[in-house]
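All remarks here apply to the structure that follows.
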Amino acid sequence: MPELPEVETVCRTLNELIAGKEIDRVSVKLPRIIQRPADPDLFEVQLAGRTFRSVERRGKFLRLLLDGLVLVSHLRMEGRYGLYKQEEPLEPHTHVIFHFTDGTELRYKDVRQFGTMHLFRAGDELASAPLNKLGIEPLDEAFTLEAFKRALGKRSTKIKPLLLNQEVIVGLGNIYVDEALHEAGVHPETEANLLKPAELERLHAAIVRTLSAAVEAGGSSIKSYVNGQGEMGMFQHRLRAYGRTGEPCDQCGSLIEKSVVGGRGTHVCPTCQKLRGKSSTGNKSSDASGTNAVKRRLDGKTGKR
């Protein structure tokens, strides 16, 4: 947390708040946040006098574009940006401050202190860590069904850990993988190379729909996430699997179960998401009932919470 929808929301908010603002000076109060350059003082010097032009997103990373430079920022667990007037009191855990010439300040706060910032010459950032090994963007036009199949390849990895791998598909985290798998009727422990063509098609569509709907809702405020204006996301009110342990599935009424897959807490409907793999291929009736449940859901016949 945050995942693609939350980072996209922050990106859009920052575009509204800081595009066109000129930096007077920068204050780094926690040097380890600055990963590049190695000297935080140089980071401050290089940014002074620059103007923020726009903000873009790559996976879970923000790309803040300035005159001739690009600042790559990873929020990690609880990093957040906010625009303040310079006379407003400094809140605890404020680690980097961009002082603008108009008397406002962009402040980066991070309680857990896991966030990072990398500064590059414009054009160098995509070929360097941490952006150079990222996979395909799931909300990009290039994310076709065929591109999705190529990204998964013929790997025998369980589908949930594979979807969480940022070198395969970017932006997906625990929340939206659980949601997409539930919508598609795919069990998270199913090996990727055992997915049938229809399952791949459903999963591809579910990923796009889930992420698009979450972006439209401003993301999910599960813990401390807010956008750059301090506003919470609203998609958490539409979750059908994640965080609903012991609650009835909106589709079939079975209780949502929680387990651990690939080291991550995982939420599954035992009826809609039957495990169909090497050890359970003979359970044709169960597979059929799960498929029918998914078809009903995709036909728009599901109720709302």
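Taken over the range 163-175, the criterion of being buried (at least 21 other Cβ atoms within 10 Å of the Cβ), out of contact with any strand residue (DSSP E or B) (no Cβ under 8 Å at 6 or more places or on another chain) and either under 17 Å from residue 200 (Cβ atoms) or not assigned by TED's automatic domain parsing to the domain that holds residue 260 (or both) is satisfied by 172 alone.
For the range 141-149, does any single residue satisfy the condition of being of a type in the set (Ser, Thr, Tyr), within 28 Å of residue 69 (Cβ to Cβ) and within 21 Å of the chain's Cα centre (by Cα)? If you could, list the steps in order and put the result at the bottom.
The initial filter retains those residues of the range 141-149 that are of a type in the set (Ser, Thr, Tyr), namely 144.
Checking which are within 28 Å of residue 69 (Cβ to Cβ) leaves us with none.
No: zero hits.
Taking first residues from the range 166-183 that are more than 20 Å from residue 150 (Cα to Cα) and partners that are among the basic types (Lys, Arg) and surrounded by fewer than 24 Cβ atoms within 10 Å (Cβ to Cβ), the Cβ contacts under 6 Å between residues at least 6 apart in sequence or on separate chains come to 174/264; 182/240.
Here residue 93 meets the list (1) in contact with a Leu (Cβ under 7 Å, 6 or more places away or on another chain); (2) on the phi > 0 side of the Ramachandran plot almost entirely, failing just condition (1). Set side by side, the residues 303, 282, 253, 230 differ, and just one is surrounded by fewer than 15 Cβ atoms within 10 Å (Cβ to Cβ), modelled with pLDDT of 95 or more and not hydroxyl-bearing (Ser, Thr, Tyr), which is 253.
Scanning the range 55-78 for residues that are touching a His at 6+ places or on another chain (Cβ under 9 Å) and at pLDDT below 95 gives a single hit, 78.
Take the range 51-62 and flag every residue that is charged (D, E, K, R) and either in a loop (DSSP other than H, G, I, E, B) or outside the structural domain of residue 99 (by TED's automatic domain parsing) (or both).
Within the range 51-62, 60 is the sole residue that qualifies.
Conditions (1) in a loop (DSSP other than H, G, I, E, B); (2) touching a residue at least 40 places away in the same chain (Cβ under 8 Å); (3) out of contact with any helix residue (DSSP H, G or I) (no Cβ under 8 Å at 6 or more places or on another chain), marked per residue:
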| site | (1), (2), (3) |
| --- | --- |
| 7 | no, yes, yes |
| 10 | no, yes, yes |
| 25 | no, yes, no |
| 35 | no, yes, yes |
| 38 | yes, no, yes |
| 41 | no, no, yes |
| 46 | no, yes, yes |
| 49 | yes, no, yes |
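Return yes when residue 52 is surrounded by 17 or more Cβ atoms within 10 Å (Cβ to Cβ), modelled with pLDDT of 95 or more and in contact with a His (Cβ under 7 Å, 6 or more places away or on another chain) and no when it is not.
Numbers: surrounded by 17 or more Cβ atoms within 10 Å (Cβ to Cβ): yes; modelled with pLDDT of 95 or more: yes; in contact with a His (Cβ under 7 Å, 6 or more places away or on another chain): no.
Spelling it out, it is not the case that residue 52 is surrounded by 17 or more Cβ atoms within 10 Å (Cβ to Cβ), modelled with pLDDT of 95 or more and in contact with a His (Cβ under 7 Å, 6 or more places away or on another chain).
Total residues in the range 233-250 satisfying the condition of being modelled with pLDDT of 90 or more and aliphatic (A, V, I, L, M): the figure is 2.
Just give me the residues in the range 150-193 being under 17 Å from residue 138 (Cα atoms) and acidic (Asp, Glu), in sequence order. Give the derivation first.
At the first step, the residues of the range 150-193 found to be under 17 Å from residue 138 (Cα atoms) are 150-153, 159-181, 183-184.
167, 178, 179, 183 - these are the residues of the range 150-193 that are under 17 Å from residue 138 (Cα atoms) and acidic (Asp, Glu).
Name the residues in the range 69-92 that are more than 23 Å from the chain's Cα centre (by Cα) and part of a loop (DSSP other than H, G, I, E, B), would you? So that I can check it myself, show each step before the final result.
Going through the range 69-92, the residues more than 23 Å from the chain's Cα centre (by Cα) turn out to be 69, 84-92.
Within the range 69-92, 86, 87, 88, 89, 90, 91, 92 qualify.
The values are calculated or read from the model by the stated rules, or taken from the named source; none is laboratory data. Since the model is a prediction, treat every value here as computed from it, not as a measurement. Don't worry about glycine lacking a Cβ; one is built from the backbone with ideal geometry, like all the others, and counts go over all protein chains shown.
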